[in-house]
1. Run through all the Cα pairs of the range 150-238 and give the fraction in each 10 Å bin from 0, expressed as whole percent.
2. Can you tell me the relative contact order of the range 83-224? Whole percent, Cα pairs under 8 Å, sequence separation 6 or more.
3. If one computes the Cα centroid of the range 81-98 and of the range 171-238, what distance in Å separates the two points?
4. Loop sites only, by DSSP: take the trypsin sites (Lys or Arg not before Pro) in the chain that have at most 13 other C-beta atoms within 10 Å and name the longest stretch containing none of them.
5. Placing +1 on the Cβ of each Lys and Arg and -1 on the Cβ of each Asp and Glu in the range 85-213, which of 113, 206, 168 has its Cα farthest towards the positive end of the resulting dipole?
6. State the answer as a single residue: which of 95, 45, 75 lies farthest towards the positive end of the charge dipole of the range 1-99, with beta carbon charges of +1 for Lys and Arg and -1 for Asp and Glu, about the Cα centre.
7. Place a point 7 Å from Cα of residue 169 in the direction of its Cβ. Which residues in the range 93-135 have their backbone N less than 12 Å from it?
8. Leaving ligands and nucleic acids out of the surface, order 136, 76 by accessible area at 1.4 Å, largest first.
Amino acid sequence: MELHLPNSDRNSRIALNVALGRYAIALEAAAENPWIWAPDLVEPLGWLERINTCEALVEVGRMQEAIRLLTFEPPDVALLMAGRGCGLAWSLTCVGQHDQALKTLTTVSPEDLGRDYSAEAFLTQTLILLNLGRVDDAGKALDECRRLTVRASTERNVLLLEARQQVMSGRIDEGLKTFAAARDHRWKCQGGSSLLALGDALRDAGRIEEARSCWSLAIERDAESHWAAQAKERLHPA
């Protein structure tokens, strides 16, 4: 059964600004609730705010802080347990702990995330599998993600991961077409981590100019992110 928690103005502000790539504003809103940062947080709505706040922390490069906050157990509420597990798995793969990330994700039931977000479990699984070099398995996870996708931002994120999966599979031209579809998608915000990784995959395949296009787009579309800073270093090495 799908569980809905009551929302709050603060949680809406955190989640919306994260989705728009406005991480500084999201973290300012989070700072209004000191319980978000407390290890003994037990209030369900506060935990929902924590999960969204941790996404902002990862995006700006404060990954260990996000991992620490998500290591604690939330109240025994299906939505919170799934959201925490998915967020922790994503945070772990972002710091290179891919096997632990995949293990963590096995505790998540996608349906517990609700109809609008169930695809995120498979999106996270795809990312981890690509990071592990398990390209064929990543393609299967992408199929599940695509089947469950509801939100526009997820549609665009699926395209970016699909482009990376195609490039890693050696289907470079197909991957570039998918990248173009992602670039022209109606959802223009965020995506810096996937654009950075796609650029890296293209660079490794010897397609330097196309890689530079991906890194440039990461800077343009996700300017506040840690990934944009890394993209700048790739474009303008010291």
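1. 20, 54, 24, 2, 0
2. 15 percent
3. 22 Å
4. Here the longest segment lacking exposed loop sites spans 1-114.
5. The listed residue farthest towards the positive side: 206.
6. Farthest towards the positive end: 95.
7. Counting only backbone N, you get 135.
8. Details: 136 120, 76 145 Å².
Output order, biggest surface exposure first: 76, 136.
The values are calculated or read from the model by the stated rules, or taken from the named source; none is laboratory data. Please read these numbers as outputs of a predicted model, since none were measured by experiment. Ideal geometry is used to build each Cβ from the backbone, glycine not excepted, and the neighbour counts take in all protein chains shown. Please note that ligands, DNA and RNA were not included when accessible areas were found on the heavy atoms of the full protein model with its side chains. Shrake-Rupley method; radii C 1.70, N 1.55, O 1.52, S 1.80 Å.
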